[in-house]
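Heads up: the structure comes next, in structure tokens.
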Amino acid sequence: MDGTSGRVSAAAAVAAGRPVLVNSFGQWRGAARDLLAHKVEPHSVQWVSSKDDADLFSNPVACVDEEEEPAGAGKAGDAPPDAATSTVRISRELMEMLQTAACCRVPNRWAFLYLVLWRWGRGEKDVISAADEDGARLHSMVKAVHREEHDMHAYIRFRERREDAGPPRFVAWFEPSHDVLPQVARHFASRMGRVTWMIATPDASVMWDGANLHTTGPLMRGPEEIDDAGEALWLTYYRSIFNPARLNADLLHSHIPSRFWKNLPEGSIVPEMVTQAAAGARRVGQTKSVGQRTGTAIPISASKAQPQRDAPTSLDQCRRCDLWTNATQAVGGAGPRRARIMLVGEQPGDQEDLAGEPFVGPAGKLLDRAMADAELDRSKVYLTNAVKHFKWEPRGRRRLHKTPAQREVEACSYWLERELKQVAPGVIVAMGSTALKAVTGDSHATLKDAIERPFMHEGRWVVAVYHPSYVLRVPGEDAKAQAFAAMVAGFRQAVALLAAAPAD
């Protein structure tokens, strides 16, 4: 043990039955060399990346970075390594693959890399072949890291700060899937000269002062903290060059994965322009603002002005109200087609609109927690919304939720009734007042009169609870806790009432 650092070698830690804590490739490399020198087999080592990963009865041992490790013989208390096996010579190719794969955020990455190194040391050179099972996984990790580096080079958008704000002059936000920030920072440092900049991520930040890179912890919470006065000009230019007649939405989605859209400046307006293209702008090759004409409004309802048409056969064809014009896509329900419990929300949110699936955003995560507390299995529940298109209004670079009007709820009742007929649930959980009005067909139904008071409607039990988004935005921690508890209680009521629901 090192008396100054309080750390022991990796081999000594394993001998004592303690996990090995590593947070970088340098730490892992030093620990792996020590373990190989002592012939410690891979299955004997528990690798952890934080103290929370260790089991309840063991404290992990932090390993010194290889660069920081004192030269000389082993530390006191270490068993002397076998001179014949203390050094494993590896090829440059394997070293580069190990160093790259170490950036891949996958479970048990350190244990897997040690397994590769162990096999190589045993003479199994095919461990780096893509035809080998472990080699294939190693190649896959390397490929994932290189892809993330490429994506970060392509999709980082630097925003310019005011000159009087001081350095850094340019700031960018990115949410990488793998630990590629250091190498990406070096890439931009070699290309941006002496201008100062910063790249912020949820886990770390890197700054360039014109001569040196400086890495620190997270300094921002998201792109909304960046104020760019020139962004409005860019969005105006982007709108003006957009040609809906040449739009290929499938190609656009394949080239730009949806996770990058939210951090791109143009990401806030692309969904609207794509929708307008599908709505008819493609025929004239113009954006909405070009050739727009004014006229006299005629006071007549849309339903009376249009001829009778057959009902749409799919959600993508639905034109029963105008919400489809500004939505990326319709979002249908998800879950077993004969589920005994159906959860009905209000409408898809921003992330649901992009993903095409219900309850995948922040409200969906809170819903998962509430269902877990109520012991309600999501995989056995049918999830849907009263309104199938995202209604929103622009707020800067964000699309903010806007409550659907009653006429929009009524227009979408066609799809909800169809789902109720197909799924035939015994219990319906209406989340929020909009869902309650849609389920009952009563525009005067209120949540305060129905919450904690289950009732029968058309042969089914109806349970009213708060919508997850209400729980997220209600002010005050006590109020949040009470609203969340009410949700859980409502879900438990639904489970209890299921036994009383009519059988299929």
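In loop segments of region 326-401 as defined by DSSP, the GluC sites (Glu not before Pro) with at most 12 further C-beta atoms inside 10 Å of their C-beta are Glu375.
Filter the trypsin sites (Lys or Arg not before Pro) in region 132-207 down to the DSSP loop ones having no more than 12 other Cβ atoms within 10 Å, then list what survives. Don't skip to the end; give the middle numbers.
On the way: sites: Arg137, Lys143, Arg147, Arg157, Arg159, Arg161, Arg162, Arg169, Arg186, Arg191, Arg194; in loops: Arg157, Arg161, Arg162, Arg169, Arg191, Arg194.
Loop-located and lightly packed - Arg162, Arg191, Arg194.
With the convex hull of its Cα atoms as the shape, region 315-500 has an orientation-averaged projected area of 10.2 nm². Here each label is just a point 7 Å from Cα along the line to Cβ, and for Ile241 and Glu163 those points are 2.5 nm apart. Under 5 Å between amide hydrogens, built in the peptide plane, is the criterion, and for Gly349 it picks out Phe359 among residues at least 5 positions away or on other chains.
Dividing the Cα radius of gyration of region 154-217 by 2.2 N^0.38 Å, with N the residue count, gives 1.03. Once both labels are positioned 7 Å from their Cα atoms along Cα-to-Cβ, the gap between Met220 and Lys402 label points is 2.8 nm. Local charge for Met141 was computed over the other residues whose Cβ lies under 12 Å away, with Lys and Arg +1 and Asp and Glu -1, and equals +2. Gap in Å between the Cα centre of region 94-154 and the Cα centre of region 171-219? If you average the Cα positions of each part, the centres end up 24 Å apart.
Once the convex hull of all Cα atoms in region 129-168 is built, its volume per residue stands at 68 Å³.
If you take every residue apart from Asp151 with its C-beta less than 12 Å away from the C-beta of Asp151, what net charge results, scoring Lys and Arg +1 and Asp and Glu -1?
-1
Values quoted throughout were computed directly from the atomic coordinates according to the rules given, and no laboratory measurement underlies them. Model, not experiment: these values are computed from the prediction. Because the Cβ atoms are built from the backbone with ideal geometry, glycine has one as well, and the counts that use them run over all protein chains shown.
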